[in-house]
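As structure tokens, the structure follows; a few thoughts come after it.
The values are calculated or read from the model by the stated rules, or taken from the named source; none is laboratory data. Values in this document were obtained by computation on a predicted structure and should not be read as measured data. Quick reminder, even Gly has a Cβ in these numbers, built from the backbone with ideal geometry, and neighbours come from all protein chains shown.
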Amino acid sequence: MTGAAMKLIIWDFDGTLADTRPIIEAGMDHTLEILGLDPGLKAQWLECVGLPVEEGIRRTFGPLGVGLDQVTRAYRSFKHTEHDHLLKGFAGVSELLEELRGIGMPMAIASSKRGEPLRRQLKVLGWEGYFDPMVTPDEVQAGKPDPESLRLCLQAHGLAPGDAVMVGDTPYDLDMAQRAGVPSVAVGHGFSSQSAMAAYGPRAYAPDTAALRDILLAWSRP
């Protein structure tokens, strides 16, 4: 990123800020077991993490002729709140968020997680009050990779696309950023490989939080 300093960091949540893979995989295992489906479908389903849950279910199970409402009900029956003990922030993320807040960097979230579980998990992690706005499928007509979520974040701060940075771990995050004209950073500790994300033109790649910190602090200076 060159020229003026960035004025807003927009974060994805699952796989970017927080390691939610154990919870997500447990919910998928629960669903496949209840429905008596091939456990091998989990790998294909995991490739849809980053999309709204309903879209991930449609892409995974639609071609198989499995009733989507049936899958959704089974997935929703998993007691996610009883598994929040599996949740953790990636190493160094809490410190990075505190450092960014300390220098006055505004931060927002654009997530495919619904608002209630997002707020609950942010509270578990001690990250309440860090992000404004928090845009979830509850606030938009079209979820990722549609750019609506990013446009709402920009509008909330009165910024142009080039004033912000999107940080994400899946092609859906980076595709959304590309469509919105927002520069992006791909992180390597989440759900997708560097090669899968490269096609969507991230300005930088951070294999870990230390590298991400260097990138974001450098971009915060004009």
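Structure notes:
- Unmet criterion (only one of (1) modelled with pLDDT of 95 or more; (2) aliphatic (A, V, I, L, M); (3) within 24 Å of I109 (Cα to Cα)) for V49: (1)
- In segment 97-156, the qualifying residues are those that are buried (at least 19 other Cβ atoms within 10 Å of the Cβ) and among the small types (G, A, S), and the one that is nearest to the chain's Cα centre (by Cα) is S111.
- Hits in segment 138-186 (condition: among the small types (G, A, S), out of contact with any Asp or Glu (no Cβ under 6 Å at 6 or more places or on another chain), at pLDDT 95 or above and at negative phi): S149, A156, A160, G162, A164, A177, A180, S184, A186
- Selection within segment 86-96: residues that are modelled with pLDDT of 95 or more and part of a loop (DSSP other than H, G, I, E, B). The member of this set that is nearest to the chain's Cα centre (by Cα) is F90.
- Wholly enclosed helices (runs of 4 or more DSSP H) of segment 116-222 bearing at least 1 residues in the same structural domain as F13 (by TED's automatic domain parsing) and more than 29 Å from Q44 (Cα to Cα): 148-157, 209-219
- Being part of a strand (DSSP E or B), touching a helix residue (DSSP H, G or I) at 6+ places or on another chain (Cβ under 6 Å) and within 28 Å of L152 (Cβ to Cβ) holds for only one residue in I57, I10, I23, and it is I10.
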